[in-house]
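Encoded as structure tokens, the structure appears first; notes follow it.
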Amino acid sequence: MKLLKEQNNFRILPTLIHQGKEVIINGQRMLNLSSNDYLGLANDTVLLNAFWQTVKPEEVKFSSSSSRLLTGNFAAYGELEDLLSSLFGTEAALVFNCGYHANTGILPAVCNTKTLILADKLVHASLIDGIRLSEAKCIRYRHNEYSQLERLVETHHKQYEQVIIVTESIFSMDGDEADLPRLVKLKQKYPNILLYVDEAHAVGVRGTGGLGCAEAYGCIADIDFLVGTFGKALASSGAYIVCRQVIRDYLINKMRPFIFTTGLPPVTLQWTSFVLRHLAGYQAKREHLAAIGNRLRAALREKGYSSASVSQIVPMVAGESATALQIAKELQRKGFYALPVRPPTVPEGTSRIRFSLTADVTDEEVEKLISIVNDNR
Ligand code: PMP
């Protein structure tokens, strides 16, 4: 604890009041630039009211009261999974309580000692925990460095029954993107490679139907484990995999965070299906989100902050944790709730402000933000 405090890495839970896209903390009202509500749907009261018209109050269930393998498998699960597999055009889909469950459960279920996992250095903590819980051997490749990955595949693929390449599509802390077409090409060169892609930050945001980067690049069918979450752009909670039937069957039988947990509340599943049905219609929101991301990124570059971001996640790397904390405080004082991200979430020396834009942020708000960010040159 003492060390964490000395290093400016001690964390406390903030108490905040939400009012639409703003938050109020200690009486101060700020624009929320730290939410993953990328399409602004969590604040869309019109959408929420429309949803309540579709359910009967006496039938609303806030608990499934049991694991899905016992009595928790409500009809709303089947409806959501059918909807997912038809939208993505896959044989099957399976829903989990959250992305953390998905990522910590899928790899341990499908790997054994004859599996090699090749994981991007910057994959999310939930994937790292999943890898640790699995029996597979794992090698991490440098972030988005595919020539190194290709060498690793070439060197090792013959020694293992299966090789699973694990990546995010849009990376959560840098907002940059994996090269999915290149990964698919690599996979197609070998008989025993599988692809695992976490689209937590891309679903809702990318693709003409809002289904993520795999949709945008036309490679959904090439990805063996295509995972996404509902707690970000979809304004709900839970997670999914779209996959082959055999993988779904296997997970139901082997995946511990699927088996040993109470299912999601049926009303949550119904809300998720409701939002998913509207997803293709949000192209204007996706375009606005991309435009304000481009504008903020270009302005930060002009001010001397370099970043590889290509998305709504726009980091502003400050270096030391103390500097990031100081900048965040200043931004907050001026009405922008942007948070510092520090180790262990990001590597030492790369503490940053992570601007997380949402579609309900206006052009004017972005311009105001830009005008108060100090030069870094
Ligand atoms: N994957 C990624 C890339 C994430 O960023 C997160 C959450 N921040 C998760 C998985 C976990 O998802 P959930 O919040 O639904 O547990």
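The values are calculated or read from the model by the stated rules, or taken from the named source; none is laboratory data. The structure presented is a predicted model; accordingly, all values stated were derived computationally and were not measured. A quick note on method: Cβ atoms are made from the backbone with ideal geometry, for glycine too, and the neighbour counts reach across all protein chains shown. Just the protein is used for accessible areas: all its heavy atoms, side chains included, with ligands, DNA and RNA removed. Shrake-Rupley method; radii C 1.70, N 1.55, O 1.52, S 1.80 Å.
A few points about this structure:
- When the chain is treated as a GNM with alpha-carbon contacts under 10 Å, the residue of 289, 339, 69 showing the greatest mean-square fluctuation is 69.
- Here is the list for the stretch 1-85: chymotrypsin sites (Phe, Trp or Tyr not before Pro) lying in DSSP coil, each with at most 15 other C-beta atoms within 10 angstrom of its C-beta, are 10, 62.
- Peptide packing: for 161-169, 226-234, the average count of neighbouring Cβ atoms within 10 Å per residue gives the ranking 226-234, 161-169, highest mean first.
- Using a probe of 1.4 Å, the accessible surface attributed to residue 61 totals some 100 Å² when neighbouring protein chains are kept in position.
- Apolar share of the accessible surface for the stretch 145-203: 48 percent from carbon plus sulfur atoms, 1.4 Å probe.
- Apolar share of the accessible surface for the stretch 238-377: 53 percent from carbon plus sulfur atoms, 1.4 Å probe.
- Among 11, 354, 29, the residue with the largest mean-square fluctuation in a Gaussian network model of the chain, with springs joining Cα atoms closer than 10 Å, is 11.
- Electrostatic dipole magnitude of the chain [Cβ: Lys, Arg +1; Asp, Glu -1; Cα centre; debye, to 20]: 820
- In this structure the stretch 161-274 gives 32 Å² per residue of accessible area when probed at 1.4 Å with all protein chains present.
- Accessible surface for the stretch 1-159, divided over its residues, is 55 Å² per residue with a 1.4 Å probe.
- Between 148, 312, 332, the residue with the greatest mean-square fluctuation in the GNM of the chain (Cα pairs under 10 Å linked by springs) is 148.
- Accessible surface of the stretch 60-107, 1.4 Å probe, proportion on carbon and sulfur as whole %: 55
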